[in-house]
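Everything on this sheet refers to the single structure shown next.
The values are calculated or read from the model by the stated rules, or taken from the named source; none is laboratory data. Only a predicted model underlies this, so the values are computations on that prediction, with no experimental measurement involved. Here the Cβ positions follow ideal geometry from the backbone for every residue, glycine too, while neighbour counts run over all protein chains shown.
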Amino acid sequence: MMQRKPANRSDMLVTGLGVLAVVVLTLGIFMAFVYAPTDRDQGDAQRIFYVHVPMAWLAYLAMGVVFIGSVGYMWKRSARMDRLARSSAELGFLFTTLVLITGSIWGRPIWNAWWQWEARLTTTLILWFIFIGYFMVRAYAGDAERGARYAAVLGIIGAIDVPIIHQSVKWWRTLHPEPIVLDTAGPNLPDSMLVTLLVCLAGFTLLYAFLMVLKMQIEWARDVLAERELTALLAPEGNQAERRTVATVSHKVSGAAED
Amino acid sequence: MRRVWALVWKDLLVEFRGREFLGAMVVFALITIVTLNFAFDLSRGDREAPGAGGLWIAFLFAGMLGLGRSLAVERDRGTLEGLMLCPVDAGTIFLGKFISNVMFIVIVQAVSLPVFYGLYNLPSLRPMVLLIAVIGAIGFAGLGTLFSAVAASSRAREILMPLLLFPLAIPLVIGTVQATTLIFQGDGADAWPWFNLLAAFDVIFVTLSYVLFDLVLEE
């Protein structure tokens, strides 16, 4: 804490990702507001698209990473896989919330409604509930190892269920015809819009990677602290051992975060 | 397979002797169906869709009531350890619990459907409705048995159960309600695609729950 230590690889990774994310996102935001043309039909409201689409992408990417972490945990029982899953779940919840909010903000002027029961929207809303369930099983399991197992179950079944939910809502909707509102953008958008979108996608994905690395470090420190606290409680010499271990941990956390 | 049936027989026997939750499930389904009458006007007009929706809400709620208890009672009585000490793997325990849960839900449906028919005069006794009821029960029981085990050893289990089960069971809710509505509205020929879909959902959910049950039970 007091003296500077030589930067190691994961520190450089964090710094590098952070700097890159800031640069690309600044460029992306600039492009979204200045470079990209104003949409003929939707006007400036369309510009939220450059934030909304990356949020949606990250929400589903994060669920994919939760799935990978959960399968990995089931397979190997490694604490690292569990940290991967739970870190990604927290970010996924954040991005799912944001995609729902940005979508509603766009929907209000364009659809004249905050919400439509359309397949993508409905699926994202259910995904949001699955993330909540994911945190609740962990919180209510009463013990960290059991929580990790239960969360892995939900992570696997939830990720497999999401495309099924999407398809079933789609079929439900085709049997109940409704005006198609969402396909206004279509695949053929001008190049300048596409480039802006790609830059924003890259920027936000870098932001996700940056937050993931940070979050994994925090979760690692949390695991180590919990373990040390346990050993300190069990150790007969009590206070002194505890102080020593906590000092070691904070020392390590400030410097490194390897498994 | 004989071991699975032994477990099913055990569950049925316990329920038969103790009469713990089957009665409550049936009464709950009936009271939900009656309450429907005050939530929607089912006496005239476009009543097929709300009728089918309400019927499945009743099954879903009543089923959850029983499913939630199915592993919780084992834990509370301390018989879960006994089950796990049996020389069978977790998959067998899952199948035993799953089959007895399907049976409980089907019994609830067997009582509710005639009552529903009598009260609302919707064709809820047609063979296609009975078939869809059983197909739906299989999917719900599959997911429900898995999450019953998750909820059983958690705090706030009564709340946790629906929070986990409802979002994941949405494809089943959509499928069963749509199929039932179509059968209520016409001859039901256009409901067949939903049957295939639901059968596919059942296979996916039951297989997944079977595979993941091991991860839940291991202590």
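Count of the stretch B:195-206 residues, restricted to those that are free of Cβ contacts under 8 Å to residues at least 60 places away in the same chain and either touching a Lys or Arg at 6+ places or on another chain (Cβ under 8 Å) or more than 10 Å from chain A (Cβ to nearest Cβ) (or both), is 2.
With respect to (1) out of contact with any Leu (no Cβ under 7 Å at 6 or more places or on another chain); (2) within 14 Å of another protein chain (Cβ to nearest Cβ), the lone exception for A:G133 is condition (1).
Please go through the stretch B:135-161 and pick out each residue that is more than 10 Å from chain A (Cβ to nearest Cβ) and either of a type outside the set (V, I, T) or farther than 17 Å from B:I57 by Cα (or both). Matches in the stretch B:135-161: B:G136, B:A137, B:G139, B:F140, B:A141, B:G142, B:G144, B:T145, B:S148, B:A152, B:E158, B:M161. Taking the stretch A:110-140, which residues are crowded, with 16+ Cβ neighbours inside 10 Å and aromatic (F, W, Y)? Across the stretch A:110-140, the qualifying residues are A:W111, A:W128, A:F129, A:F131, A:Y134, A:F135, A:Y140.
Screening A:F95 against (1) touching a Leu at 6+ places or on another chain (Cβ under 8 Å); (2) more than 15 Å from A:F204 (Cα to Cα); (3) away from every other protein chain (no Cβ under 14 Å) leaves a single unmet condition, (2).
Screening the stretch B:136-219 for helices (runs of 4 or more DSSP H) wholly inside it with 2 or more residues that are modelled with pLDDT of 90 or more and within 26 Å of B:A90 (Cα to Cα) returns the ranges B:157-168, B:192-217.
Taken together, A:M74, A:M55, A:M81 contain a single residue that is assigned to a helix (DSSP H, G or I), over 17 Å from A:L201 (Cβ atoms) and touching a residue at least 60 places away in the same chain (Cβ under 8 Å), which is A:M74.
Every condition in (1) more than 22 Å from A:R146 (Cα to Cα); (2) of a type outside the set (F, W, Y); (3) touching a residue at least 24 places away in the same chain (Cβ under 8 Å) is met by A:A89 except one, and the failing one is (1). With respect to B:L125, is the statement that it is assigned to a loop (DSSP other than H, G, I, E, B) and modelled with pLDDT under 90 true? So B:L125 fits the description; yes. Does A:G107 fit the bill of being within 14 Å of chain B (Cβ to nearest Cβ), surrounded by fewer than 22 Cβ atoms within 10 Å (Cβ to Cβ) and either modelled with pLDDT of 90 or more or farther than 30 Å from B:W192 by Cβ (or both)? Judged against the criteria, A:G107 is not a match. Within the option set B:A137, B:A156, being in contact (Cβ under 8 Å) with a residue 40 or more places away in the chain and within 15 Å of B:L65 (Cα to Cα) holds for one residue only, B:A137. Only residues that are free of Cβ contacts under 8 Å to residues at least 40 places away in the same chain and within 10 Å of chain B (Cβ to nearest Cβ) were counted in the stretch A:110-129, giving 4. Contact annotation: residue pairs with Cβ atoms under 6 Å, 6 or more positions apart or on different chains, pairing a residue in the stretch A:135-151 that is of a type in the set (D, E, K, R) with a partner that is at pLDDT 90 or above, are A:R138/A:G147; A:R138/A:A151. In summary, A:M2 fulfils each of the numbered conditions (1) surrounded by fewer than 11 Cβ atoms within 10 Å (Cβ to Cβ); (2) modelled with pLDDT of 90 or more with the single exception of condition (2).
If the condition is being touching a residue at least 12 places away in the same chain (Cβ under 8 Å) and either more than 15 Å from A:S168 (Cα to Cα) or under 17 Å from the mean Cα position of the chain (by Cα) (or both), then the stretch B:182-194 contributes B:L182, B:I183, B:F184, B:Q185, B:G188.
Return a yes/no flag: does the stretch A:9-19 have any residue that is free of Cβ contacts under 8 Å to residues at least 24 places away in the same chain and surrounded by 18 or more Cβ atoms within 10 Å (Cβ to Cβ). The answer is no; no qualifying residue exists.
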